[in-house]
Amino acid sequence: MRHAALHARFLRAKAADETERFTVDEFIERTGLPEEVKRELRSIPETR
């Protein structure tokens, strides 16, 4: 249910053109994940 609420919030913000874009590194830093998970995410090759 939390995922659905977050997604609805994102869709409302997107419709109002209030979404924020940031790089993968910025996203990883903002998540507060453990360092080992951050390293693992950074090791995934970029596809675009």
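Working only within region 11-24, note down all residues that are modelled with pLDDT of 85 or more and either open to solvent by 60 Å² or more (accessible area, probe 1.4 Å) or touching a Pro at 6+ places or on another chain (Cβ under 6 Å) (or both). Listed by number, the residues that qualify are L11, R12, K14, A15, D17, E18. Inside the chain, residues that are polar (S, T, N, Q) and more than 15 Å from the chain's Cα centre (by Cα) make up a count of 2.
The values are calculated or read from the model by the stated rules, or taken from the named source; none is laboratory data. All of these numbers come straight from a predicted model, not from anything done at the bench. Because the Cβ atoms are built from the backbone with ideal geometry, glycine has one as well, and the counts that use them run over all protein chains shown. With ligands, DNA and RNA removed, areas are computed over all heavy atoms of the protein, side chains included. Shrake-Rupley method; radii C 1.70, N 1.55, O 1.52, S 1.80 Å.
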